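Visitor: Here it is, the structure, as structure tokens.
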Amino acid sequence: MFLLLGVFLLLQSPAIAQVKDVRRVLIFYELGLSSPGVELVDEGIRKTLQNSPYQIELYREYLETTLFPAPATQQEFRQWYIHKYRDLKPDLVISAGPSPLRFLLDAHEKYFKGVPIVFCGTSEEQADNPHLDSHFTGVWEKFEVTKTLEAAMLLQPGTKHVVVVGGATSLDRHLEALVKGELGTYESKLEITYLTDLTMPQLLERLRHLPEHAVVLLTDIAEDAAGAKFVGSTQSTPMVTSAASAPVFVLGDVDLGHGEVGGDVTSFRREGEMVGDFVQRILKGERPQDIPIVNGANVYMFDWRALNHWHLQEARLPAGSVVLNQPLNVWEAYKRYIIAGIFLFLVQAVIIVGLWWQRARRKKTEAALRESEGRFRLVANTAPVMIWMSGRDKLFNYFNQPWLEFTGRPLEAELGNGWSEGVHPEDLKTCLDTYSAAFDQREPFKMHYRLRRNDGDYRWILDIGVPRFNSHGSFAGYIGSCIDATERKLAEETMADLGRRLIEAHEEERTWIARELHDDINQRIALLTVQLGVWAQDPPDSRVEVADHIRHVRQEMSDLGKDIQSLSHRLHSSKLELLGLAAAAGAFCKELSEQQKVEIEFRHAGIPRSLPQEISLCLFRVLQEALQNAVKHSGERHFRVELDGTSGEIQLSVIDLGVGFDQREAMNCHGLGLISMRERLRLVDGKFSIESKPGHGTTIRARVPVKARATVASAAG
């Protein structure tokens, strides 16, 4: 009674409903669900997808190639399916059979472009050994005929005759050809007979009069020589096993259960489960080309009733064989009830003893517990952090006063799973999964999530939880503490974004340098080389022409030197080191004005030739960035650059009267250059300011204290 009560209470734990994302999976089957093989594959797929983190919408379509074999009809089916799913693109397509695979090979690039394909239900030979691109993976069927025959010879050691039974459809013929190819090496040892071109009455009559020491290998009979159609596992297979005077071995698990012995069979249910697993992995993000194609979903499987009927010894079965329909002994039949009874008796005995013992200790410990809980609550309610506790049922049973003040909710609303109502919807699943996983493993955890504050704002919380244990070592639940980590979280995100944008800027700079060297400098050198080669083969006749050629080459080399020097100055200015900031800045303004065909008015005053290297380099880089941005974005052709020095600081101003911009939008969206300038100046204790409005031009100012930097340098020395 007590055990049942405990189970009932556990089942009452409230579950938090979670809305799953939808994923569409389209399945093309060769045959309909009336085919037992298709039914088993479908059952295996559905069973596996039940555990998907997504809500799976399954769409099943059937080509029914046995009922409608005409190519024109099949083409109409294909066109209809293409039309049907033109506006409902699936996330993944499953192909079950050779015809669906050929259909998808033809239609994938045009109608299902980019959609992953998982195939099954066909051998590689039956599908004409197709070339599969990176969007395909799956399971090839592999009929292990020789393994089945070896198992038959183990069970019946004196076997001398093998009778292969099959039908007249294309699949039947394919299986017959496969068997012939596999059994070729046995023709010198065994007498092999093929009964594949008979009507069903003729076949059954032949099977009733088989020679001694024979075994029957049944492939598939979907149609006999007279054109009569059958469903193999439910119609033709039982007829064959009833008539045969020798044990019948088969190639698929779908054919077992009607008197067949078994063999190394293709397991259609296992094939479906493997396909379902592939689907799960792809929907979670794996690429089809990273999932190796599997050859065969086979297992040794035998029917105990058929083994017993033909007096075949179970001890001779191959290792790892699955035996179906084996009768259970008393223990196997009733062990659950026996164990449950013993367990119930023991639990009741333990509970009774425990209740007596607990009653004896309760009065002694109640006072100590009340005192201990009082001290804990006093400490917890005055702590500067939020504290929570949960019991062994994962439900929260305590929150301290700082938590309640943060959320603005009463204690009753937070208990159980009520606290989760304040977690941001985007963080709820991860938060609960982290807590549950740690709880199940009895491990500490640390996680971040957003929690709604009493004013309605969501704040980032750092939550750390550890398991609690009683004095005698039994698990008692969890205790955790939380702090508001919003500022740190935002700072981490800002630094990560800044790092990413700086890397992108570096890559853009390298790409520009490579393009300049390859598309301009290199091409001009190559052209000059070609011209010199032409002149070498056909020298000018007069000294005047030679002089003209030399002047031309000198001019080209001079232009190349200027352009390389300009590129070098952009990367590193030697004038900055040798002549100082003012000379380097003036030279850069002149070079940029000549390159961009703009007018740059440069003025400087009071700039000492000798400045600390970090200050000179910082201001020079700020000038480069600011002036290049102005030329690129302002829409103006006239610019002013002012460089002024005083006894206390150096000020750089870059001014244009162009289109201007919104400063906040620029910093948030495309402001990596602005951020770079600001960060450079911060390293030298400088200040950075922008004055800009749309339509009213832009002024960028940088100010660096000189004395402060000199004092710092002197102290460091």
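Visitor: Mind checking the angle between helix 486-515 and the chain's longest principal axis? C-alpha axes, 0 to 90 degrees, to the nearest 10.
Guide: 80 degrees
Visitor: Gain in length, Thr234 to Trp331, computed as 0.36 nm per residue apart minus the alpha-carbon separation, to one decimal in nm?
Guide: 31.6 nm
Visitor: Follow-up question, since we're still on this one. What whole-number distance in Å separates the alpha-carbon centres of segment 99-141 and segment 296-352?
Guide: So the separation of the two Cα centres works out to 40 Å.
Visitor: Please compute the net charge surrounding Tyr458, taking Lys and Arg as +1 and Asp and Glu as -1 over other residues with Cβ under 10 Å from its Cβ.
Guide: Counting the neighbours of Tyr458, the net charge comes to +1.
Visitor: May I ask you to evaluate 6.51 cos²θ - 1.76 cosθ + 1.60, the Karplus curve with θ = phi - 60°, for each residue of segment 386-400 and list the ³J(HN,Hα) values in order in whole Hz, giving x for glycine and proline?
Guide: Rounded to whole hertz, the list is 8, 10, 9, 9, 10, x, 5, 8, 6, 7, 7, 10, 7, 9, 7.
Visitor: Give the value in nm², to one decimal: projected area of the alpha carbon convex hull of segment 158-246, averaged over all directions. Write down the numbers at each step before the final one.
Guide: Working: hull surface 21.3 nm².
Spelled out: convex hull of the Cα atoms, projected over all directions, averaged, 5.3 nm².
Visitor: Going by alpha carbons, how many degrees (0 to 90, nearest 10) lie between the helix axis of 145-155 and the longest principal axis of the chain?
Guide: Its long axis makes an angle of about 40 degrees.
Visitor: I've got another one for you. Considering only DSSP beta bridges where both residues belong to the chain, give the percentage that are antiparallel (nearest 5). Show your work: numbers first, answer last.
Guide: Working: 54 of 101 bridges.
The antiparallel proportion sits near 55 percent.
Visitor: Determine which aspartates and glutamates satisfy two conditions relative to Lys160: a Cα distance under 14 Å, and not lying fewer than 8 residues away in the same chain.
Guide: Within the straight-line cut-off, Lys160 pairs with Glu150, Glu187, Glu191, Glu212.
Visitor: At a 10 angstrom cut-off on C-beta neighbours, averaged per residue, how do the peptides 310-321, 90-101, 621-632 rank from highest to lowest?
Guide: On the way: 310-321: 12.2, 90-101: 24.7, 621-632: 20.2.
Going by the mean number of other Cβ atoms within 10 Å, highest first, we get 90-101, 621-632, 310-321.
Visitor: Next question, about the same structure. Peptides 543-555, 455-467, 177-189: what's the order by average Cβ count within 10 Å, highest mean first?
Guide: Sorting 543-555, 455-467, 177-189 by mean packing, highest first, produces 455-467, 177-189, 543-555.
Visitor: Tell me the Kirkwood hydrodynamic radius of the chain in angstroms, computed as one over the mean inverse distance between distinct C-alpha pairs.
Guide: 35.6 Å
Visitor: Using the Cα centre of the chain as origin and beta-carbon charges of +1 (Lys, Arg) and -1 (Asp, Glu), tell me which of Leu627, Ile564, Ser35 is placed farthest towards the positive end of the dipole.
Guide: Leu627
Visitor: Quick one: Kirkwood hydrodynamic radius for segment 383-484, alpha-carbon pairs, angstrom, one decimal? Before the final figure, lay out each step's value.
Guide: Details: mean 1/r = 0.0728 Å⁻¹.
For segment 383-484, the Kirkwood estimate is 13.7 Å.
Visitor: Further question on the same structure: Taking the chain as the reference, fit the longest principal axis to its C-alpha atoms, fit the long axis of helix 523-537 to the helix C-alpha atoms, and give the angle between the two in degrees, 0 to 90, nearest 10.
Guide: For 523-537 against the chain, the angle is about 80 degrees.
Visitor: Charges at C-beta only: +1 for Lys and Arg, -1 for Asp and Glu. How large is the resulting dipole of the chain about its Cα centre, in Debye rounded to 20?
Guide: Here the size comes out at about 3360 debye.
Visitor: Can you compute 3J(HN,Hα) from phi for each residue in segment 627-641, using the Karplus curve 6.51 cos²θ - 1.76 cosθ + 1.60 with θ = phi - 60°, rounded to whole Hz and x for Gly and Pro?
Guide: Using θ = phi - 60°, the values come out as 6, 5, 4, 5, 4, 6, 10, 6, x, 9, 10, 10, 9, 10, 10 Hz.
Visitor: What FRET efficiency, computed as 1/(1 + (r/R0)^6) with R0 = 35 Å and r the Cβ-Cβ distance, is obtained for Val534 and Glu594, rounded to the nearest 0.05?
Guide: After rounding, the FRET efficiency stands at 0.70.
Visitor: To continue, here is another question. Lys/Arg Cβ at +1, Asp/Glu Cβ at -1, dipole of the chain taken about the Cα centre: which of Tyr85, Leu490, Val544 is farthest positive-ward?
Guide: Leu490
Visitor: Mean shadow of segment 228-334, computed from the convex hull of its alpha carbons, in nm²?
Guide: Projected area, direction-averaged: 10.6 nm².
Visitor: By how many nm would the segment from Leu33 to Asp128 grow when fully extended, if each residue of separation counts as 0.36 nm and the alpha-carbon distance is taken off?
Guide: 31.7 nm
Visitor: Then there's this: Strictly over 30 Å apart at the Cα level, which of Lys110/Lys229; Lys363/Lys394; Lys489/Lys632; Lys489/Lys687; Lys47/Lys489; Lys284/Lys394 would you flag in this model?
Guide: Among Lys110/Lys229; Lys363/Lys394; Lys489/Lys632; Lys489/Lys687; Lys47/Lys489; Lys284/Lys394, the Cα-Cα distance tops 30 Å for Lys110/Lys229; Lys489/Lys632; Lys47/Lys489.
Visitor: Now, a different point. What is the gain in length, in nm to one decimal, between Arg46 and Ala383 on full extension, counting 0.36 nm per residue of separation less the C-alpha to C-alpha distance?
Guide: 116.1 nm
Visitor: Given H placed on each backbone N at 1.01 Å, which residues far from Val231 in sequence or on other chains put an amide H within less than 5 Å of it?
Guide: The list, which skips near neighbours in sequence, is Ser236.
Visitor: For Val139, Val323, what ranking results if the residue with the fewest other Cβ atoms within 10 Å of its Cβ goes first?
Guide: Final ranking by Cβ density, sparse to dense: Val323, Val139.
Visitor: To continue, here is another question. Which of the trypsin sites (Lys or Arg not before Pro) across segment 251-288 are loop residues per DSSP, with 14 or fewer other Cβ within 10 Å?
Guide: Lys284
Visitor: Follow-up. Which ³J(HN,Hα) values in Hz, rounded to whole numbers, follow from the phi angles of segment 409-426 under the Karplus curve 6.51 cos²θ - 1.76 cosθ + 1.60, where θ = phi - 60° and Gly and Pro get x?
Guide: 10, x, 4, 4, 6, 8, 5, x, 10, x, 4, 5, 5, x, 7, 4, x, 6
Coordinate-derived values only; no laboratory data. From a predicted model like this one, the values you see are computed outputs, not experimental measurements. Methodologically, a virtual Cβ is constructed for each residue, glycine included, from the backbone with ideal geometry; neighbour enumeration extends over all protein chains shown.
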